[in-house]
Structure formats: structure tokens, C-alpha cells
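This report refers to the structure that appears directly beneath it.
The values are calculated or read from the model by the stated rules, or taken from the named source; none is laboratory data. These figures come from a predicted structure and were not determined experimentally. Backbone-built Cβ (ideal geometry, glycine too); neighbour counts: all protein chains shown.
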Amino acid sequence: MATGMKKISNTFVWILMGMLIIGLAGFGAVNFTGSMTSVAEVGDQEVTVDDYARELQREQRALEAQTGQRMPIAQMTALGLDRVVLGRLIAIAALDQESADLGLSIGDENLFDEISQIPAFQDGSGAFDRDTYQYALENIGLTEAAFEADLRRESARTMVQGAIMAGTVMPDTLRNTLTDYVGARRSFDWLTVGEDSVALTAVEPTETELRTYYEENIDQFTLPRTKVITYAALRPDALLDEIEIDAAALEQLFTDRSDEYQVPERRLVERLVFANTESAESAKAQLDINGTTFEALVADRGLSLPDVDLGDVTIGDLGSAGLDVFSAEVGTVVGPLDSDLGPALFRINGRLEARVTILDDVRDELRAELASDRARRLIETRAEEINDMLAGGATLEELLDEPGMELGKIDWHNGSTDGIAAYDGFRTAASAVTAEDFPEVAFLEDGSLFAIRLDEELEPRPEPFADATDKLRAAWKTQRLQNALKAEAERLAEILRGGQTLPEGSEMTSETGLTRGAYIDAAPQQLMARVFDLTEGEIAVVTDGTSAVVVRLNETLPVDDSPEMSALSDAMATQLDQALAQALFEAFVQDAQTRAAPRIDPQALNAVQANFQ
């Protein structure tokens, strides 16, 4: 028990050190000196303004590292992260109060042992060094007394946590129940009834039938919550006519791409290297009299064909052997020839002709590329001017006076991917825009500039019948097919229930000892779940959108007594023990908070956030 708590304590010491170093490194851009010293009181414990500011900053940096974007305090507050941070600090303070009430402390000797084991406070030999200790604390703005007090409180909290969580064991009943559920097996026969099993004449639905289907299945034709958005966009393609590309720039780009446009003749070659010329000549002689094959020679050397494959090579890649290899016919073996690894035989597997591209062949392509690059840079230079116009009150419609600018409207929802909604940048902006937002410049992945305005937000609503006609017709036909498949499957199921033989061509497939998680290709996803609902000998029909299955349960089997299943059961037991221990500890923390009666100072909280950067 003591050893376990010691390990837990060491873990939390490292967590504490990491949080301190990350949270305090570089801290100081915000000054919280003033008359208010705490944002909350929990029993006799305080959550200081500095503690709150450091934890906010740590949360901010973690989010910025995760998202790669700036996370201002206003956005953190909107997401409720300020309350998460405060709740975490109050929970810690409640545990500190509980530890104090219990009189828990690790003592000076144990405290020194904990400090001396931290690598940041050790010298090159691994021994504790006081000068290093003082210097490290000074760098993060802590005194020895403050750090040691924090460490005592953390160790006391760890002892409380260890006393609650250590040795917690979930009753075997739950583990056994879950193991029986996951490992249970079934043996069954099944038969798929596909579209080729039913004969349907081509029938077009009447308008009355479509309207009936529309009214009975209105949920299939309900449009999602939609934002009606007006957007203005300036795309690189719209500025190409303004861009002039001189001949020198084209020639320079063509020269830079010479490796792409001037490709020499190549060969697909395999090379088998030998220790000396005599052994290489002997191997070549065997090939010449058909006494062996190149593949056999490779295998005799303990190699495989990929080991000797050089891929496509130029004549220069082969050195002195290049001329002989390039003079040989495809499919022949030449040598022995010198190589950088020794005498070798070369097999020529293919010939790739040289490819020479002249500037005139790619002039238009290169001009378009250069023009697009310059158009994107031109858009970047005009972005600030356009943003200033919007900030000054210009409407999106007024931006049409700008050269190349386009104006559009889109009914956007979470599934929209057409037109400008194909860009991630637009979808992100559309998802966040509100009626109170003013248009501002943003960029798409291809360098386009855009700004948006939310005109209207539409609640979920039925799609007009006239607009949904094509979709209705397809859905009606699909439903008609599903009904026919299900009817045929039910007919076959009745034949089986009556003990009769299935019609010729209808053969059932047998499965033995499958668990719930088994996957059967070409079977409905619901098949395994339905199988485990059946009793032995029972016959049922399972359908999905494109097929129907007749299934008969043959045998119910217990959990397989295998090493894999035993390992799974043990893993579930460990996970359940951990979940129970964590739930008990969380309940204890909640109770400790309730008894400590936290008192929050909203004025202090607002002051910290107002000065936060």
C-alpha cells in the first residue's frame, strides 16, 4: 500500500513540476498586483489571482499548441474554459482543505527526498545541488518556501487520492457479465435475397403516389438549418488579364524545371553482383546454355528480385557498364560488366525513351502558373485596402466596383460542399458567422480573398414538393424494391419454418461460432445483432436498403476458453477497477467541495480576465 502511494506521489510530483514550468515559463506579461489577492476562498484555502492567471495562461498555451491558432481570453470565456480552469483550482483547494483537516503532511525528510529526485535540481552526477535548485526556482519566479509549500500540499493531496483509489476492485459480476456478452458465440445459416432474386417491372410513380410518399416520409425531405449568406470573393483567376509575364521570367521557370522537361533515355535494369569475375562468367555461361535462369541465380545468392532491382536508370548511372547495357535488347542479360560493387550481370527489363519538351510546348502552362502566383500576391496587397473599406462601412455589394470582385449568395448548411463551400476556409467562416458580425477579409486555400454576411437563418423545414421530385422518384423506387425483397425473404422464411426444401438456386451459407463483433461481407450490418436475439431453431428476416437476409440460428455457444479471451477479460477487469476508483475519487472531491463551501469573488475574476493577454 505504501509503495503504491509512493509511486502515485512521484507521478503527481512530476505532473506538478511540468505544470509549474509550463505555466510559469515566460509569465510576467500581465501584472496582477493590487488589493485583491484571491479569486475564490475554499474553506481556509485561497485560490490566488496569480494561481488563476497562471492556470488560464497554461490552458491558453495548450489550446494554441493544439489548434495552431491564437486563443484570446474572450474566445476562451465564450467556450466556458475560464469556468473549467476555476473549477479545477477549486477542486484542488478543496482537497488541500481536506488534507489540512486530516492533518496530513509528508514531513521535512520526505520532502527533501522528493525534491532531490527531480532531475531539474540535480548536478551532472545526478546528486541534488542547492545552487541548481535555487537557480531553477528563480527562473520560474518561485521562492523556495512557496515551492516547498506547494509540494507539501501536492503530496498530501496524493496521499488522500491514494487512500481512496488504491485497492479498489470492481465486483467480478460485472466483469463476468461483460465477458459473457462480448465472447458469446452463435452458429447459424443465412441466405441473401438480392435484387436479382425478384422480378420487378419498370413502373413510374404517379404524382399521387409521390405526394403520398412525400407526406408519409417527410423527415427524408426536411432541409437542415440553413444560413443564407452573401459573399464577395476575389479570385486569382479573375486577375489573370491584369498580369503581364515577360519572356525572361518564362525562360527562367522553364530552366528551373529542366529535370522535368528534359528527361534522358532510361532502362529498367536488374543487377546481380558477384565476388569475382570467374564466378560471374560461370553464371553467364549457364544462362547462355539455358542451364539456369536469372531468377535462380538470384535465389542461389540468398536474394530476391527486389534486392537486385535498380529501377529506371540513365546511361550515366551505370558508369562503364552503361554503353553495353543500353546497346542490349530488352529481355537479355549482359555481362559480366564492371560496377561500383564488383563484376555483375545486368538484365534489361524495359526501355524508356527520352522525353524532350521545348518551351513552346509548355509556354501557356508556365504563363498560367506565373500569372496565378502573381495574382495571389496582388490579392494579398489589396486585402488591407478592402478590409479598410469594409471597416469604414462599405457593403459587400459596393465591393463589386473593385476589379475582379464577384458577388454571390449561398444557402449554406453543415453538409454544403458546392461552389465556394468546397473550401475549408469558407466552411469554417460560415459555421461561425452570426447576424451581428460585420464582414471582414479572410482567405481561401487557393489564395482567394473573401468576405461574408449572414442575411438570414432558416430553421429546419420541409423541402418544397416541386424541388424534391427527382429525389422522391428515386426514393419511391428504392422503397418499392425493398418491399419486394422483404416479401421474397419472408416467403423463403415460411418455407423453412414449414420444414420444406428451399427452391433450386437458394442455398444457405453456414457460419460457426461467431461473436457479436464478427463481420460478414455482403451481409446487412444488423445481421449479427439480430442473430443474438434469436433462440435456437428460430428463423428471421433481416433487411437493409439493398438486400434482405433469411437467417436461422442453429446453436448457442458459450464463451471460447482461449488465451485471447482470458486476456480480454483481464483487461476489462483492470479497466473496470480503474473506472470505479476514479468515480469514487471524483465523488469524494465533489463532497469535499460541498463541505468546503467555495466563495467566489466575481470582481477579482473579471479583473484577472480584463488584464489577461
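Computed quantities for the displayed model
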| read-out | value |
| --- | --- |
| Residues of segment 547-565 satisfying the condition of being at pLDDT 90 or above and within 30 Å of Asp196 (Cα to Cα) | Val549, Val550, Val551, Arg552, Leu553, Asn554 |
| Subset tally (residues that are part of a helix (DSSP H, G or I) and surrounded by 13 or more Cβ atoms within 10 Å (Cβ to Cβ)) for segment 112-133 | 9 |
| Verdict on Gly316 being surrounded by 14 or more Cβ atoms within 10 Å (Cβ to Cβ) and either closer than 21 Å to Ala275 by Cα or in the same structural domain as Ala275 (by TED's automatic domain parsing) (or both) | no |
| Residue check, Ala592 surrounded by fewer than 17 Cβ atoms within 10 Å (Cβ to Cβ) and among the hydrophobic types (A, V, I, L, M, F, W, C) | no |
| Pick from segment 268-307, criterion among the β-branched types (Val, Ile, Thr) and within 20 Å of Val330 (Cα to Cα), ranking: surrounded by the fewest Cβ atoms within 10 Å (Cβ to Cβ) | Ile289 |
| Count of segment 555-570 residues which are touching an Asp or Glu at 6+ places or on another chain (Cβ under 9 Å) and either surrounded by fewer than 17 Cβ atoms within 10 Å (Cβ to Cβ) or part of a helix (DSSP H, G or I) (or both) | 3 |
| Residue list for segment 385-409, restricted to those being assigned to a helix (DSSP H, G or I), at pLDDT 85 or above and not aliphatic (A, V, I, L, M) | Glu385, Asn387, Asp388, Glu397, Glu398 |
| Number of positions in segment 65-80 that are under 17 Å from Ala604 (Cα atoms) and aliphatic (A, V, I, L, M) | 2 |
| Candidates Leu86, Leu151, Leu95, Leu142 - the one that is in contact (Cβ under 8 Å) with a residue 12 or more places away in the chain, assigned by TED's automatic domain parsing to the domain that holds Gln57 and assigned to a loop (DSSP other than H, G, I, E, B) | Leu142 |
| Checklist (1) modelled with pLDDT under 85; (2) touching a helix residue (DSSP H, G or I) at 6+ places or on another chain (Cβ under 9 Å); (3) among the small types (Gly, Ala, Ser); (4) closer than 30 Å to Glu41 by Cα applied to Ala120, failing item | (4) |
| Residues located in segment 182-199, provided they are basic (Lys, Arg) and closer than 25 Å to Arg491 by Cβ | Arg186 |
| Selection count, segment 319-351, where residues are touching a residue at least 24 places away in the same chain (Cβ under 8 Å) and loosely packed, with under 11 Cβ neighbours inside 10 Å | 1 |
| Subset of segment 63-80 (residues that are of a type in the set (A, V, I, L, M, F, W, C), without any contact (Cβ under 8 Å) to a residue 24 or more places away in the chain and surrounded by 13 or more Cβ atoms within 10 Å (Cβ to Cβ)) | Leu63, Met71, Met76 |
| Yes/no for Arg552 being among the charged types (D, E, K, R) and touching a helix residue (DSSP H, G or I) at 6+ places or on another chain (Cβ under 9 Å) | yes |
| Leading residue by the ranking (modelled with the lowest pLDDT) among those in segment 596-613 that are part of a helix (DSSP H, G or I) and surrounded by fewer than 12 Cβ atoms within 10 Å (Cβ to Cβ) | Ala610 |
| Every residue from segment 399-442 that is surrounded by fewer than 16 Cβ atoms within 10 Å (Cβ to Cβ), in contact (Cβ under 8 Å) with a residue 60 or more places away in the chain and within 23 Å of Gln75 (Cβ to Cβ) | Asn414 |
| Those residues of segment 461-484 which are within 18 Å of Ala523 (Cα to Cα) and touching an Asp or Glu at 6+ places or on another chain (Cβ under 7 Å), in sequence order | Leu481 |
| Residue in segment 529-546 that is out of contact with any Leu (no Cβ under 9 Å at 6 or more places or on another chain), outside any loop (DSSP other than H, G, I, E, B) and either at pLDDT below 85 or surrounded by fewer than 16 Cβ atoms within 10 Å (Cβ to Cβ) (or both) present | yes |
| Selection count, segment 484-528, where residues are in a helix (DSSP H, G or I) and under 24 Å from Tyr181 (Cβ atoms) | 2 |
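Okay, residues lined up against (1) farther than 30 Å from Val441 by Cβ; (2) surrounded by fewer than 19 Cβ atoms within 10 Å (Cβ to Cβ); (3) among the aliphatic types (A, V, I, L, M):
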{"residue": "Ile140", "(1), (2), (3)": "yes, yes, yes"}
{"residue": "Ala163", "(1), (2), (3)": "yes, yes, yes"}
{"residue": "Arg185", "(1), (2), (3)": "yes, yes, no"}
{"residue": "Ser197", "(1), (2), (3)": "yes, yes, no"}
{"residue": "Arg211", "(1), (2), (3)": "yes, yes, no"}
{"residue": "Thr226", "(1), (2), (3)": "no, yes, no"}
{"residue": "Thr230", "(1), (2), (3)": "no, yes, no"}
